[in-house]
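Working notes, structure below.
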Ligand SMILES: Nc1ncnc2c1ncn2[C@@H]1O[C@H](COP(=O)(O)OP(=O)(O)OP(=O)(O)O)[C@@H](O)[C@H]1O
Ligand SMILES: [Mg+2]
């Protein structure tokens, strides 16, 4: 590949600075920016992010949901928006409306075939994520919830840097020690990038029987709370494991809605209450 000339390098730098200015401007119109991450994959980040957005929109807030997972964007499926496409123009992209006060952006809306992989190198991925902020018409928002890919790699770093003024991050874990250990790493990552840990959520904590609604602790539970105490970060609460959660998510329905088991709904509401409490501090 040809090396860029000095003039080309200068032009790139100018474009980068200009994009930073636009990102700052967009971010200033968003009151609360919350990143959802985890040390491990498959622990329920996207479930938490999507339902947090739903729950906050239900409370009459203007909400944006940004799917920052470029490899495995699951937000379109979980929100029932598969097949939707983006409106607007290249630098003024209109996100998809899930409700009048809930806007969603995902790479999934830009790919015709949902099973097509996005094979991009790091710098290109970082650029796409920056465009998701700079080129999307988010408008005035009370909350922007950002669903990150698993781990503490390039993409979480790009988002953390782009949103230097974010309120902080929620770290999702499951009760097993393997996940808790990765959760500690995620907490340290959040601290390293100078963000606040808004709290830990222990997902898949206890099992809700689909027949009687009774909660049983088939795995160990409480590890998330203990770990949060040890790491000196808030614990936002446990969310039980329930077969209906998978079914609802696959159907693009909220687990905070009327079709969800009461134990899950109540647990999630309590987590949202704890988060709102943290934000008020
Ligand atoms: N509390 C729960 N009870 C039952 N199933 C759950 C629960 N939370 C999440 N799931 C299911 O677990 C699977 C993984 O959840 P999700 O996609 O939210 O995880 P993730 O952390 O975003 O994964 P990835 O790391 O791949 O992005 C999904 O099928 C989801 O429906
Ligand atoms: Mg996910």
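As a proxy for reagent exposure, 183, 209 were ordered by neighbouring Cβ count within 10 angstrom, fewest first; the result is 209, 183. Each of the peptides 239-245, 197-203 was scored by the mean count of other Cβ atoms within 10 Å over its residues; in descending order, highest first, they stand as 197-203, 239-245.
Applying 0.36 nm per residue to the separation of residue 231 and residue 7 and subtracting their alpha-carbon distance, the gain on full extension is 75.8 nm. Note on the chain: antiparallel DSSP beta bridges, both residues inside, total approximately 20 percent of the bridges counted. Given their separation in residues at 0.36 nm each and the Cα-Cα distance between them, residue 59 and residue 16 gain 11.8 nm when the chain is fully extended. Under the criterion of Cα pairs below 8 Å and six or more residues apart, the relative contact order for the chain equals 23 percent.
Can you list the residues of the stretch 11-31 with backbone N under 11 Å from a point 7 Å past the Cα of residue 194, pointing along Cα to Cβ? No residue qualifies, since no backbone N sits under 11 Å from the label point. Can you give the angle from 0 to 90° between the axis of helix 122-134 and the longest principal axis of the chain, with both taken from C-alpha atoms, to the nearest 10? The two axes meet at around 80 degrees.
With Cα atoms defining each centre, the stretch 1-41 and the stretch 87-161 are spaced 13 Å apart in the structure. The calculated FRET efficiency for the pair residue 24 and residue 142, based on their C-beta separation and a Förster distance of 22 Å, comes to about 0.70.
Every number in this text was worked out from the coordinates using simple rules, so none of it is lab data. None of these values were measured; they are calculated from a predicted model. Positions of Cβ are generated from backbone atoms using ideal geometry, with glycine treated the same way; all protein chains shown enter the neighbour counts.
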